[in-house]
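Shown next, in structure tokens, is the structure this report addresses.
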Amino acid sequence: MESDVASVATRLDASVAAIAARPDHDAYAVEMWKYALAYHRGEEDPESVPPAASEACDAIPYIPPPAISPGDEPDETTAILDVGCLGGYGLYDIALRRRRANRDLPVLRGIDASGESVAMARELGETWGIGADLAFEQVSIENLDHAPGSYDLVIARLLLPYVEMETALAKMARVLKPGGKLLVQLHAPAYYRRQFVRNLARPVTAFYYLRPIMAGMLYGTTGRQSKRPWFSETALSVDTATRHAKRHGFHEIWRGGFDVKPLALLCKGSD
Ligand SMILES: C[S@@+](CC[C@H](N)C(=O)[O-])C[C@H]1O[C@@H](n2cnc3c(N)ncnc32)[C@H](O)[C@@H]1O
């Protein structure tokens, strides 16, 4: 199994490099794939130490171990949906950890609004997902129509700041089983405040970061999100997100991560 894992990683290196050479590639997805592959090389090499999570990047492990109590890790009976799956690197991380332990994989589904992201996820999934129950679909969370109660875990890392919150929360609550978990990562107001201050010398960029702060204040105080494209990105604290998630039957069971990009695990209360 170890050599399978190594040969898959070598083929993925080549495939990611080939995708990166295409003029229309999704640069962010390529960057995250390169990071994931380098991270795992670091984890597998007894001589090296994988990079510690930092504010700049804490993307791997995609399911941070402190979020899941021992014995509650995803197994082959778990169905996972990654919303905003960005080339599928996060599901690859989840699958690889099972493969390394010589264990069967969970059911893995990824959706993303971006066609490039999904095309990349499918292309790379043909290498790492052999034998897995794996599928990627180009669909926005607002249009998600998977069967009610079909997932044990929904992952929405760095997605909620970009979507219409009430619709997204309702859609995710609908597809989760009672007792299912929702892992979210947010861009907190502190993230945008910091970017705003850093860019004060560039007023256009500074204003770009001011808009989500204003949108977040509107959402936090009134529960409304502006429909104007200018205010489509929303700074979200865990408190605000969990307060709204409560209306959709969620309660918070863990929070962690960095101040600027907090993580939270929510549980869908039994119906
Ligand atoms: C900031 S990236 C985060 C990707 C990944 N989850 C991570 O943590 O690295 C946001 C992703 O969400 C996708 N996205 C944005 N709006 C979406 C929507 N309404 N429905 C589904 N995916 C969306 C984007 O295409 C992008 O891949």
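The values are calculated or read from the model by the stated rules, or taken from the named source; none is laboratory data. The model shown is predicted, which means the values in this text are computed figures rather than measured ones. A quick note on method: Cβ atoms are made from the backbone with ideal geometry, for glycine too, and the neighbour counts reach across all protein chains shown. The protein model used for the area step is the full one, side chains on, heavy atoms only, and it has no ligands, DNA or RNA in it. Shrake-Rupley method; radii C 1.70, N 1.55, O 1.52, S 1.80 Å.
Points to keep in mind about this one:
- Taking trypsin sites (Lys or Arg not before Pro) as exposed when their DSSP state is a loop state and no more than 11 other Cβ atoms lie within 10 Å, the longest site-free interval of the chain runs over 1-223.
- Whole-number accessible area per residue in Å² for the stretch 162-247, which is evaluated in the context of all protein chains at 1.4 Å: 52 Å²
- Largest-first principal axis extents of the Cα set of the stretch 30-86 (Å): 33, 27, 22
- Kirkwood-Stokes translational diffusion coefficient of the chain, alpha-carbon pairs, 25 °C, 0.890 mPa s, µm²/s: 127 µm²/s
- For the stretch 19-139, carbon and sulfur atoms together expose 51% of the accessible surface, with a 1.4 angstrom probe and every protein chain in place.
- Each helix, a run of at least 4 DSSP H residues, gives -39500 (n - 2.57); summed and divided by the residues of the chain, these come to -13500 deg cm²/dmol at 222 nm.
- Placing +1 on each Lys and Arg Cβ and -1 on each Asp and Glu Cβ, with no other charges, gives the chain a dipole about its Cα centre of roughly 1240 debye.
- Selection among Ser150, His248, Phe196 by position relative to the dipole of the stretch 149-271 gives Phe196 as farthest towards the positive end (Cβ unit charges, Cα centre).
- Cα shape, the stretch 1-137, gyration tensor, a/c 1.5 rule: rounded
- For a label point 7 Å along the Cα-to-beta-carbon line of Met214, residues of the stretch 164-204 with backbone N under 16 Å: 192-193, 196-197, 203-204
- For the stretch 47-120, the solvent-accessible area works out to 41 Å² per residue, with a probe of 1.4 Å and every protein chain left in place.
- Label-to-label distance, Ser48 versus Ala135, with points set 7 angstrom from Cα along the beta-carbon direction: 3.6 nm.
- Computed accessible area, Tyr62, all protein chains, 1.4 angstrom probe, square angstrom: 10 Å²
- Range in the chain, longest, excluding exposed GluC sites (Glu not before Pro) [loop by DSSP; at most 13 other beta-carbon atoms within 10 Å]: 77-271
- For the chain, share of DSSP beta bridges that run antiparallel, in % to the nearest 5: 40 percent
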